Amino acid sequence: MKVVLLAGGLGTRISEESQFRPKPMIEIGGKPILWHIMKEYSYYGFNDFIVCAGYMQHVIKEWFADYFLNNSDVTFDFTRGGNETIIHKKTCEPWKVTVVDTGVPTMTGGRIRRVRPYIGNETFMMTYGDGVCDVDIKELVKFHRSHGKIATLTAVRLEQQKGVLDLGSDNSVKAFREKSAADGALVNAGYMVLEPKIFDYIEGDDTVFEREPLERLAAEGELMSYCHRGFWQCMDTKREMDLLNRCLETGMAPWKKWKD
């Protein structure tokens, strides 16, 4: 199953860092947060990624272009007048990474729509490239397959300005709206599983996925929530970046299930 990662936004709320690189490439613990998210999926056996790039998309492409080299012991042998490269040791993950330039001003729904040719007619996963979570992704997929609806999102209870969910007793999403400061409800943490029919709900580049598509899915009874009571943290600000770095420095990073 392919994993779509939204990584094209401007990251204006963390501009002290995003002026130099896309927000998903901002490092925590010495690696881009995008890498941490990919490691989460890889831990559960999902290794086929589609990165929806936009703002400074070349930075993402160049990082992956150099990834194998930077994670290997290499001899560059020029003694015979050429450039012979010998790889001695490699520690790269078994990843397939497709980086797609989905445009700078494109909205979240538009970015998903633009990578449709790389997904095909199959179920896929999607999340945002700026938040980490310790959700059991295999259980999330199992839950999605059990109900037969078009979309499943991961819901967490946090005081964040994310999409608010009104849930039914069977975990169906009855309504979806943007969060106000007065809310203390479950919020959309991403980590979604989507059927290819989702593309019928996205009109074009200007479509904000968290608005019309999710609101319509909720109204039609086609949006379900997987309630996660563990860790989730987005990285919208430098304060949140520092928080995630402290988690890694103190060995208290719940999303980091893999071994170094």
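The values are calculated or read from the model by the stated rules, or taken from the named source; none is laboratory data. From a predicted model like this one, the values you see are computed outputs, not experimental measurements. Using ideal geometry, Cβ is built from the backbone for each residue, glycine included, and neighbour counts are taken over all protein chains shown.
Just give me the residues in the stretch 78-113 being within 17 Å of Pro24 (Cβ to Cβ), assigned to a helix (DSSP H, G or I) and out of contact with any helix residue (DSSP H, G or I) (no Cβ under 8 Å at 6 or more places or on another chain), in sequence order. Thr108, Arg111 - these are the residues of the stretch 78-113 that are within 17 Å of Pro24 (Cβ to Cβ), assigned to a helix (DSSP H, G or I) and out of contact with any helix residue (DSSP H, G or I) (no Cβ under 8 Å at 6 or more places or on another chain).
At least 1 residues being charged (D, E, K, R), surrounded by 20 or more Cβ atoms within 10 Å (Cβ to Cβ) and at pLDDT 95 or above is the threshold, and among the helices (runs of 4 or more DSSP H) wholly inside the stretch 6-68 those reaching it are 33-43. Residue check: is Phe76 out of contact with any strand residue (DSSP E or B) (no Cβ under 9 Å at 6 or more places or on another chain) and free of Cβ contacts under 8 Å to residues at least 24 places away in the same chain? Answer is no for this residue.
Hey, among the residues in the stretch 235-254 that are part of a loop (DSSP other than H, G, I, E, B) and touching a helix residue (DSSP H, G or I) at 6+ places or on another chain (Cβ under 9 Å), which one's surrounded by the most Cβ atoms within 10 Å (Cβ to Cβ)?
Among them, the one singled out is Met235.
With respect to Ala151, determine if the residue is of a type in the set (Gly, Ala, Ser) and at pLDDT 95 or above. The answer is yes for Ala151.
The number of residues in the stretch 182-231 being over 26 Å from Val104 (Cα atoms) and among the charged types (D, E, K, R) comes to 4.
Is it fair to say Gly81 is free of Cβ contacts under 8 Å to residues at least 24 places away in the same chain, on the phi > 0 side of the Ramachandran plot and surrounded by fewer than 13 Cβ atoms within 10 Å (Cβ to Cβ)? Answer is yes for this residue.
Can you pull out every residue in the stretch 197-234 that is aliphatic (A, V, I, L, M), part of a helix (DSSP H, G or I) and surrounded by 14 or more Cβ atoms within 10 Å (Cβ to Cβ)? Passing the criteria: Ile198, Leu214, Leu217, Ala218.
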